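The values are calculated or read from the model by the stated rules, or taken from the named source; none is laboratory data. A quick note: this is a predicted structure, and the numbers were derived from the prediction, not measured. We place every Cβ from the backbone using ideal geometry, glycine too, and count neighbours over all the protein chains shown. These area figures cover heavy atoms from the full protein model, side chains too; ligands, DNA and RNA do not enter into them. Shrake-Rupley method; radii C 1.70, N 1.55, O 1.52, S 1.80 Å.
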Amino acid sequence: MRELVGWWTGRGQPERFDLVTRATLYLVSATEPIALLNATGAGWPTAGRIAVLGFGTTHMVLCLLAVRAGVDHFIGRRDRPTRLVVAAGWLTLVTIVAAEVTNALTGAQPGSAGWTLPVTVLVSCYFLGVLCTVAPPRYAFCGAVGLAGVVMLVGLIDRAPAGLLLSSAWTVFFGFLVLLSTFRCSLWMLGVLWELERSRGNQVRLAVAEERLRFARDLHDVLGRNLAVVALKSELAAQLAKRGRPRAVEEMLEVRRIAQDSLTEVREVVRGYRSTDLDAELAGARAVLTSAGVRCRVLGEGHDLSPQAQSALGWVVREGTTNVLRHSEALTCTVSVRRGRPAADGAGAVDGDHSRYAPDPPDGACLVTLVMENDGVRPGDPLVFGNGLLGLSERLAPLGGRVTATRPGRDRFRLTAQLPLTAAAPPSGGAGSGAVPGGGPSGGAPSGEAPDSVPAQRSRS
């Protein structure tokens, strides 16, 4: 039982919905032998019932295979299963003919027409379930008309009463309408869900590609002209040196100056690339999570913090948002920025299930606390930390801060970053330069590196 629970909890929400939808459709098709057993009552000979049940069981297997392939086709995972549908259609007719032949060979009994018609209606309705899954609605409607004609023909052969004929044909049409509405609606919801899941992944990849293009464009704008000037002046200096002109030294000095200026400009580009604005990161996190179907609330703001603190906390927001998107099944996420005294345990850990990555700030110190909490944790999964949170701790450590991960509830995960208010306050003379002691502009991580998006928890932070 524990393995079954682990198998279920180990799947994401789209996979769970897919499994439940498929199980519902499969269950409908799997009831065919039971329905045929009830339709062939005690008035039928045993040999006739066995023959019909044998054909009906084979028909059920083909219908299950066709429905499974039809679901995969609808969500774009395979081609339309035309051969399976044709095979199921032929077997439908064979089962109806087998019922008629069995009824004729065993001798017609009074009221025997009431036995073959239910079999015909049942087998036709189960095949209509396949058509509603695989074929477009207009083709499924044509199939329903054809099967209603088959039902009328069977009734005429068995000399069934007119009322029974009409009710049987109406049952086929009514079953078609029910199957079309339920099967197609289920497939439509499943297709929309998988399309949203693909869009979610594409959005993350497009955001990364856009940032790469921006960085490439900035480097091209900075280095393109300067490198062209360096190449030109180097060629000029080489020609002057061949002729023994003293001006060659001046040209090479100019090349050195341009190279130094280019190096300074590249550092400025990298600094701008790595620096973050906390309010912009909070707004971006809310927009990205909302578009991914996660209800996100942002409480507080950080515009009055120092550039160093905004950069460090901005990376916390980035890493937390990435983990929610990639490793979480969250429906809600709350991000809060507050100032005040720390709690008694520093982070609100529950049952000792927590992990800290930096020394505690001085006792009694006022802190700036950023908390990201989501409800996407899989119950029972342990906290497994990757390079992402380690990178965040390295960014906050030079400022005297810390990163804490806790499990405040059965399905909740809380990421807490704290900085002393003295380190987070902006300098009195104006905005700082954005450089953090002991690290680059964003505090402690190697130059040009962002924290890894390795899940900070198996329970999906």
For segment 156-257, which trypsin sites (Lys or Arg not before Pro) pass both filters: DSSP loop (anything but H, G, I, E, B) and at most 16 other C-beta atoms within 10 Å? Arg159, Arg243
Would you please put 387-393, 99-105 in order of how densely packed they are, using the mean number of other Cβ atoms within 10 angstrom per residue and starting with the highest? 387-393, 99-105
What part of the accessible area of segment 118-186, given as a whole %, is carbon or sulfur when the probe is 1.4 angstrom? 79
What nm value, rounded to one decimal, do you get for the distance between Ile75 and Ile50 when each label is placed 7 Å out toward the C-beta? 4.1
Arg83 to Leu27: FRET efficiency via 1/(1 + (r/R0)^6), r the Cβ-Cβ distance, R0 35 Å, to the nearest 0.05? 0.90
Ordering of 262-268, 311-317 by packing [mean C-beta count within 10 Å, highest first]: 311-317, 262-268
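For Leu299 and Leu177, calculate 0.36 nm times their separation in residues minus their Cα-Cα distance, and state this gained length in nm to one decimal.
39.0 nm
Work out the FRET efficiency for Arg338 and Leu253 from their Cβ-Cβ distance, taking R0 = 60 Å, and round it to the nearest 0.05.
Numbers: r = 55 Å, r/R0 = 0.92.
Approximately 0.60, to the nearest 0.05.
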Per the rule of 0.36 nm per residue minus the C-alpha distance, extending Trp170 to Ile34 adds in nm 46.8 nm
Can you pull a Stokes-Einstein diffusion coefficient for segment 190-313 at 20 °C (1.002 mPa s), Rh from Kirkwood over Cα pairs, as a whole number of µm²/s? 114
Using 5 Å bins from zero, what percent of all Cα-Cα pairs in segment 114-189 falls into each bin? 3, 18, 29, 21, 13, 9, 5, 2, 0
Contour minus Cα-Cα distance for Arg159 and Cys366 (0.36 nm per residue): 65.3 nm
Kirkwood hydrodynamic radius (Cα pairs, Å) of segment 193-250? 15.1
